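Some notes on the structure that comes next.
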Amino acid sequence: MAIDGELFREIMSTFPSGVAIVTATEEGGKPRGLTVSAFCPVSLDPPLVLVCIDKASNSLAAITRSGGFTVNLLASGREELARRYASKAEDKFEGVATRPPKIAEAGPILADDYVAYAACSVHSSVEAGDHIIVVGRVEEGEHRAGVVPLMYGRRVFTDWAAHLP
C-alpha cells in the first residue's frame with residue numbers, strides 16, 4: 001500500500017536540490033518552460049541527463065514535437081523566476097532575456113539567469129505514473145564559474161554559498 005501524496009511531498013522536500021527550468025520551443029516558435037523538481041545526470045558516455053515532466057504539461061508537448069529541450073540551472077536570487085515557471089502563466093518569458101542554443105531542437109537559454117545550462121536532444125522517454133521521464137543527450141552547455149546556484153529544500157529557496165563554512 002503506497003503512502004499518501006502529502007506525506008510523499010514532505011519526505012521529498014527534505015532532499016535539497018538545485019533549481020532547474022526546462023525550456024522547449026513549440027511548433028511556430030513559441031517558447032515553453034517549466035520549473036522541474038526532478039533533474040539529474042544519467043551517463044557520462046554518452047552525456048545524458050533526465051528530467052521528469054507531468055503528462056499534462058504544455059512544455060512536454062513542445063519537447064516531444066521539437067525533439068529537444070534545455071535545462072537552465074538557476075543562479076541565486078532567481079526565486080521569482082522559479083515560481084513564475086512553476087505556474088500555469090502564459091507569459092512566463094515576458095521580460096526574460098533569452099538566446100537560442102546552437103542546436104535547433106533545444107529550448108531557449110535563460111541568458112541572464114543561469115549558473116549552468118545543458119541543451120539536449122531527446123534520447124528516450126519512459127512513462128512513470130503521472131509523469132514522463134525524458135532522457136536528453138547533452139549537445140551543448142556552459143557553466144559560469146563563481147556564480148552561486150539557487151537551492152530549494154523544505155519548500156524554501158536558499159543560496160548554496162550561505163551554507164559554506
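Quick note: the coordinates plus some simple rules give every number you see, no bench work behind them. Values in this document were obtained by computation on a predicted structure and should not be read as measured data. No Cβ is skipped: glycine too gets one built from the backbone with ideal geometry, and neighbour counts run over all protein chains shown.
Tell me yes or no: at least one residue of region 84-103 is closer than 12 Å to residue 21 by Cβ and of a type in the set (D, E, K, R).
There is at least one residue in region 84-103 that is closer than 12 Å to residue 21 by Cβ and of a type in the set (D, E, K, R).
Can residue 73 be described as in contact with a helix residue (DSSP H, G or I) (Cβ under 9 Å, 6 or more places away or on another chain), under 22 Å from residue 111 (Cα atoms) and surrounded by 11 or more Cβ atoms within 10 Å (Cβ to Cβ)?
No: the conditions fail for residue 73.
Being part of a strand (DSSP E or B), under 20 Å from residue 155 (Cβ atoms) and either of a type in the set (D, E, K, R) or free of Cβ contacts under 8 Å to residues at least 60 places away in the same chain (or both) narrows it down to one residue among 74, 34; which is it?
34
Hey, any hits in region 42-51 for a residue that's outside any strand (DSSP E or B), surrounded by fewer than 18 Cβ atoms within 10 Å (Cβ to Cβ) and of a type in the set (Gly, Ala, Ser)?
Scanning region 42-51, I find no residue that is outside any strand (DSSP E or B), surrounded by fewer than 18 Cβ atoms within 10 Å (Cβ to Cβ) and of a type in the set (Gly, Ala, Ser), so the answer is no.
When you scan region 82-95, do you find a residue that is hydroxyl-bearing (Ser, Thr, Tyr) and part of a strand (DSSP E or B), even just one?
no
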